[in-house]
1. When only residues in the range 9-58 that are in contact with a Leu (Cβ under 8 Å, 6 or more places away or on another chain) and β-branched (Val, Ile, Thr) count, which is nearest to SER158 (Cα to Cα)?
2. Would you be able to tell me the number of residues in the range 184-220 that are closer than 21 Å to ASP133 by Cβ and either free of Cβ contacts under 8 Å to residues at least 12 places away in the same chain or in the same structural domain as GLY100 (by TED's automatic domain parsing) (or both)?
3. Looking at (1) within 16 Å of the ligand (Cβ to nearest atom); (2) touching a Lys or Arg at 6+ places or on another chain (Cβ under 7 Å), which one does GLY156 not meet, given that it meets all the others?
4. Can you tell me which residue within the range 63-95, out of those that are under 14 Å from the mean Cα position of the chain (by Cα) and closer than 19 Å to HIS2 by Cα, is farthest from the ligand (Cβ to nearest atom)?
5. I'd like to check something: does the range 18-40 contain any residue that is away from the ligand (no atom under 16 Å from the Cβ), closer than 20 Å to GLY75 by Cα and among the aliphatic types (A, V, I, L, M)?
6. Can you tell me which residue is surrounded by the most Cβ atoms within 10 Å (Cβ to Cβ) among those in the range 169-183 that are without any contact (Cβ under 8 Å) to a residue 12 or more places away in the chain and more than 19 Å from the chain's Cα centre (by Cα)?
7. Across the range 37-74, what is the total count of residues that are of a type in the set (D, E, K, R), surrounded by 14 or more Cβ atoms within 10 Å (Cβ to Cβ) and farther than 16 Å from TYR125 by Cβ?
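The values are calculated or read from the model by the stated rules, or taken from the named source; none is laboratory data. What you see is a predicted model, and the numbers here were worked out from it, not measured in a lab. Note that each Cβ is placed from the backbone with ideal geometry, even for glycine, and that neighbours are counted across all protein chains shown.
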Amino acid sequence: MHVMIINGSPRVQSLSNTDKIISRLVKGMKTEDEELTYELYSISDRKQWDAAREAFKRNTEILIAIPLYVECIPGLLLEFLDTLEKKDGNTRISFVLQSGFAEASQLRCGEEYLKKLAPMLGCSYGGTLVKGDNFSYRFLPAEQSEKPLSAYDEMGASYIRNRGFDSDEARKFSGPEYFKAPFRVFLGIIFATVAPLGFKAMAKGLGCTKPLGDRPYKNS
Ligand SMILES: Cc1cc2nc3c(=O)[nH]c(=O)nc-3n(C[C@H](O)[C@H](O)[C@H](O)COP(=O)(O)O)c2cc1C
């Protein structure tokens, strides 16, 4: 199979969690189809848009991997999609919709949109792999992100077997829709106590010199 893959993140490829997920999906695809070939385009790089548009016309098997940004599809990806010509129905688009927060329920609104998007682009809908809890890959050392990322290998293989993500395997991968009440309470305590310390350390590591609650435009 030959797959055109689009990374819909506005974040540069080298820092993108979506890119790391795509790499593992491709690894899994190759275990199921040794002849698999693919071409990857990153929406964060506008210089790739012309080639991506041409590839969209030419390919019949397309996978768009998208991070959830403020409960939505990133605006930069929408801007790109807006420039595509509608196809004639011979193409299948499948999606990966991934996010930071872990409950699958918060991705369902975006998933409903993607079901509509495929026919709007003149394509059939190949399902969406919905999965949260992907926030930390770009912060973690490779050995710590290996285990959660490696789960995507199997989903890559599943994509080939099922010709997309409209499958029970993919649906099961999403994990819990909502956390149970005791776990929510536990999370509330963690986010009120320990987590802010982690966020501060993370921000410092990224070069942040002001407090996280800083409001530089408050008085302007
Ligand atoms: C501006 C911004 C908005 C985000 N909004 C959400 C959100 O609404 N819900 C969520 O679960 N994660 C949210 N995230 C987390 C990302 O979905 C998550 O970290 C994802 O793995 C990022 O993928 P990327 O590095 O390829 O862009 C947001 C991240 C950023 C930077």
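1. Of everything passing the filter in the range 9-58, VAL26 is nearest to SER158 (Cα to Cα).
2. Residues meeting the conditions: 17.
3. (1)
4. This residue is SER94.
5. For the range 18-40, residues away from the ligand (no atom under 16 Å from the Cβ), closer than 20 Å to GLY75 by Cα and among the aliphatic types (A, V, I, L, M): absent.
6. The residue in question is PHE183.
7. The initial filter retains those residues of the range 37-74 that are of a type in the set (D, E, K, R), namely 39, 45-47, 50, 53-54, 57-58, 61, 71.
Going one step further and asking which of them are surrounded by 14 or more Cβ atoms within 10 Å (Cβ to Cβ), we end up with 39, 53, 61.
Then drop every residue that is not farther than 16 Å from TYR125 by Cβ, which leaves 39, 53.
So the count comes out to 2.
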